[in-house]
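Please read the structure below before turning to the comments.
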Amino acid sequence: MLNLIRSEWFILRRRPIVWVLLALLVGLFVLLRLTEYTVVALHDGTLTGGEARMALLRDEQVQQFRLQLAFPGIFGAALGHINSVGGLCAIVLAAGAVGSEYSWGT
């Protein structure tokens with residue numbers, strides 16, 4: 001049984017789609033967090049040295065972004081991201097694995 005699991009992990013590690021999906025998952029996570037940081041920084045005036053502030057969202061929404069960017073909140077944000085985007089990546093990965101098994105005749 002362990003040999004079968006080990007061989008499937010070997011197949012998954014060698015497929016380029018796995019690494020592309022992982023890069024996509026991490027890239028989207030970083031892009032989303034940078035966007036949230038930019039919104040908070042514009043709201044607080046951090047990017048302009050306190051001279052100009054730009055209120056794109058309400059104060060409650062910016063406070064929620066602050067909580068998600070801080071230490072304990074980032075874990076919930078990461079797990080929520082894995083739950084949403086990671087689920088879609090898992091569906092694409094499973095479809096690719098089933099399709100390749102069918103095309104290889106195994």
* To do: Could you please find all residues in segment 15-53 being modelled with pLDDT under 85, hydrophobic (A, V, I, L, M, F, W, C) and over 21 Å from A70 (Cα atoms)?
  => A52
* To do: Please state which one of T48, T38, T106 is open to solvent by less than 80 Å² (accessible area, probe 1.4 Å) and outside any helix (DSSP H, G or I).
  => T48
* Asked: Among the residues of segment 76-98, which ones are under 30 Å from I11 (Cα atoms) and of a type outside the set (A, V, I, L, M)?
  -> G80, H81, N83, S84, G86, G87, C89, G96
* **Matching residues in segment 45-73 - criterion: being in contact with a Lys or Arg (Cβ under 8 Å, 6 or more places away or on another chain) and either within 30 Å of L12 (Cα to Cα) or of a type in the set (A, V, I, L, M) (or both)** => L69
* What are the residues in segment 74-100 that are open to solvent by 50 Å² or more (accessible area, probe 1.4 Å), of a type outside the set (G, A, S) and either under 19 Å from L21 (Cα atoms) or assigned to a loop (DSSP other than H, G, I, E, B) (or both), if any? -> L79, I82, N83, L88, I91, V92, V98
* Residue among A77, A52 that is under 14 Å from the mean Cα position of the chain (by Cα) and among the small types (G, A, S) -> A77
* For V18, which of the numbered conditions (1) over 21 Å from A94 (Cβ atoms); (2) of a type in the set (V, I, T); (3) open to solvent by less than 50 Å² (accessible area, probe 1.4 Å) fails to hold? -> (1)
* Could you please tell me which pairs satisfy a Cβ distance under 9 Å, a separation of 6+ or placement on different chains, a first residue in segment 62-91 that is of a type outside the set (D, E), and a second residue that is open to solvent by 90 Å² or more (accessible area, probe 1.4 Å) and not in a helix (DSSP H, G or I)? => V62/L56
* Structure fact -> Checked pairs for segment 6-22, first in a helix (DSSP H, G or I), second open to solvent by 60 Å² or more (accessible area, probe 1.4 Å) and of a type in the set (V, I, T), C-beta under 7 Å and 6 or more apart or across chains, list as L21/V92
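The values are calculated or read from the model by the stated rules, or taken from the named source; none is laboratory data. Since the model is a prediction, treat every value here as computed from it, not as a measurement. Positions of Cβ are generated from backbone atoms using ideal geometry, with glycine treated the same way; all protein chains shown enter the neighbour counts. SASA here: full protein model, heavy atoms, side chains in, ligands and nucleic acids out. Shrake-Rupley method; radii C 1.70, N 1.55, O 1.52, S 1.80 Å.
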